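In what follows, a single structure is set out as structure tokens and then discussed.
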Amino acid sequence: MENCIKVLLFAGLADRVGTSTLSITVNQFPITVQELKNRIRDAYPQASTLIDISFTAVNQEYATEDHLITGEDEVALIPPVSGGDGLSHEAEMKHTTGTTPDGMCVITSEPLLPEETLQKVLHPNHGASLNFVGTTREMTGDLRTVSLEYEAYIPMALHELQKIRDRIKDQWPGTTCAISHRIGSVSIGEISVVIAISSPHRDICYEASRYAIEELKRTVPIWKKEIWEDGSEWKGPQSGSWDPLAK
């Protein structure tokens, strides 16, 4: 008896395949991550290279190639840096907001206000606070950016943001972190990400803020499409060698 499993796709991979959701037929469960990727690659050879370098998430956690998948699992392919070909992958992002239960991590299609994120971390016993604000720049090398479009695997992205906060607490006890990220279209000069840190001392604020943005780029499934005057390209969680499973 054949079984089917739904696989979520994002960013450049969804563009290349032509859909954001696949239904893949398997003979039986469980099936390994690598076996599932092989089936997807065989079904969509035009995306084979991008499929090979994508990581798989099972139930919103990055999974190794030998991880066993059951019929009840939520599965997604997470593409790396690029892979967009200028096609349009329309995501329903209007008036979308997701938060962690404590409200310290937010992913939203609404404009970001840095002071709102900063207010979440202020503490009377902390002598230092810091807001990192990322905005859309107009020029990248010789390319003039018109706007950016962000897409996220929202539930997993929130989960990964919470992990970053937890690791900051472990590495710098007493430090508080809040992260807000925009999705959808972000115009020149508009804010795409805010990372607020507070701690008893300023040196920790700088270290924790740098750690947070680097880990966000490395592990959080949020992609941006740079839209230029004469084309576009997806940019993903990390540049260069990308391994979100690395410790």
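State whether one or more residues within the stretch 195-216 are in contact with a Lys or Arg (Cβ under 6 Å, 6 or more places away or on another chain) and either open to solvent by 50 Å² or more (accessible area, probe 1.4 Å) or not hydrophobic (A, V, I, L, M, F, W, C) (or both). No, the stretch 195-216 has no match at all.
Of all residues in the stretch 1-25, those satisfying the criterion of being surrounded by 11 or more Cβ atoms within 10 Å (Cβ to Cβ), farther than 14 Å from THR56 by Cβ and aliphatic (A, V, I, L, M) are ALA11, ALA14, VAL17.
The residues of the stretch 1-33 that are part of a strand (DSSP E or B) and within 26 Å of the chain's Cα centre (by Cα), listed by number, are ILE5, LYS6, VAL7, LEU8, THR21, LEU22, SER23, ILE24, ILE31, THR32.
The values are calculated or read from the model by the stated rules, or taken from the named source; none is laboratory data. Treat the numbers as computed from the prediction; the structure is a model and nothing was measured. All Cβ positions, even for glycine, are placed from backbone atoms using ideal geometry, and neighbour counts span all protein chains on display. When the accessible area is computed, the model is the full protein with side chains, heavy atoms only, and any ligands, DNA or RNA have been set aside. Shrake-Rupley method; radii C 1.70, N 1.55, O 1.52, S 1.80 Å.
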